[in-house]
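The values are calculated or read from the model by the stated rules, or taken from the named source; none is laboratory data. All values reported here derive from a predicted model rather than from experimental measurement. Positions of Cβ are backbone-derived with ideal geometry, glycine not excepted, and every protein chain shown enters the neighbour counts. Protein only, heavy atoms only, side chains kept; ligands, DNA and RNA dropped before computing areas. Shrake-Rupley method; radii C 1.70, N 1.55, O 1.52, S 1.80 Å.
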Amino acid sequence: MASGAKIIASEYMSPDGFAINDCGGESLCIRAFRRYLVNQLMNLSKGYKETIFRRNPFGRIMMKEGYKFVFVTNCSSMGDCKNFDAQFYNCLKNKQFFNIKHDGSELKTNALKKTERKKANPSAIVPFDTTKCGKLHQYRKMALDHVPDQCVVPEPDLLPYLSPIVAPSAKLALRNVVGFQGALLSTLIDNIYFSEFYIGRAFDDVALARALHGRLQGTKFPAGVSVKVPEIHRLTWKPSRMADKTTIYAFAWCEGCTLDVLRADIGSKVDMIKPADIKDISEDMLHAYDSREIKSASPSQFCSYKYYETFTELLKAESKTVESYTKLKKSATAYQAAKQAVYNAFQQKDLGTWPKKTVLPNF
């Protein structure tokens, strides 16, 4: 379980794996899911029955029958999932399904007020650009985070302002090929996929199908690899309030772990100051995090380094060789080959080039 909508500021990226670069809800949820899988595998190694895994007669780790995983989100992921005629959607769908208060009255958000102004002034309506359907999107840098479109299709004049972090829609499409377990776990278990997606606001079945799997259909993948087609369902809900601005904070949790409150721009777990403690906090500390809310910051248990530490404990319990994080990732050859095939597919279909990381992990 996770929530968030921001990314790290470029100056806080580091190769040590202590910071989380992408604190978007989807990315954090996948991190928490992988940590949950490691916890379940540790239970298996310790001989506990309370685990979703089992060993077959040949000692191979398998998932028990009867388990499946679903992905639930209150809103379509940023990027191609939201690349549809939003003006048509706001006029005909959003108002009908998602903007009714619990008392039955209409909820007026800034987005709806803007839509109504456009309806009153037809010349203000911009035609939907179908040429960008399926294209890769990237996050804008934190310095431009006040701009409404946080994820955009890279264009020459935007390149200096883009982060090397790809939009969540593309990450989900990638995971529907290589699996949500990640490179490290793929050395121990079979690929794991979400069989169903439940999505609330900004739901468009055509855009979602295209973004999550359709744009990769027809790609020539390595033997045994294919793009999975999950079921996509609308999640109806009636919010009592819709925030016009996203918060700088995020959170992540999974069974077997404590809740982490994160500050996205520094990619770290933060301890919040209680009103009673404010007198004991120095002004230097308050200025250090540019906030009167943060008491201290430390690496999250869901950051890459902490995850690697937990994974090495699992390797030792399984009597496997422990190597560096980068070597373990490279050792997942089938996973890496499938991942590269996805990168190539985007480029060959003229949907964009997957951005290269500017800061590579080194631990």
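Listed values, structure above:
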read-out: Accessible area of residue 161 in the full protein assembly, 1.4 Å probe (Å², nearest 10); value: 110 Å²
read-out: Those residues of the stretch 17-44 whose amide nitrogen sits under 17 Å from the label point placed on residue 324, 7 Å along Cα→Cβ; value: 17-18
read-out: Heavy-atom accessible surface of the stretch 23-86: percent carbon and sulfur, 1.4 Å; value: 53 percent
read-out: Out-of-range pairs (alpha-carbon distance over 22 Å; input 68/357; 135/220; 269/329; 82/329; 306/330; 82/357); value: 68/357; 269/329; 82/329; 82/357
read-out: Other-chain or far-sequence residues with amide H under 5 Å of residue 261's (modelled H); value: 270
read-out: Full-stretch length increase - residue 231, residue 159 - with 0.36 nm per residue and alpha-carbon distance subtracted; value: 22.4 nm
read-out: Most positive-pole-ward Cα, 172, 192, 207, against dipole of the stretch 139-234 from beta carbon charges; value: 192
read-out: Calculated from backbone phi, Karplus (6.51, -1.76, 1.60) coupling profile of the stretch 347-355 in Hz, x at Gly/Pro; value: 6, 5, 7, 6, 9, x, 9, 4, x
read-out: Solvent-accessible area per residue for the stretch 19-69 (1.4 angstrom probe, square angstrom); value: 50 Å²
read-out: Per-residue ³J(HN,Hα) for the stretch 329-340, Karplus 6.51 cos²θ - 1.76 cosθ + 1.60, θ = phi - 60°, Hz, x for Gly and Pro; value: 5, 5, 5, 7, 5, 5, 5, 5, 5, 5, 5, 5
read-out: In nm, spacing of pseudo-spin labels at residue 16 and residue 74 (7 Å Cα→C-beta vector); value: 3.5 nm
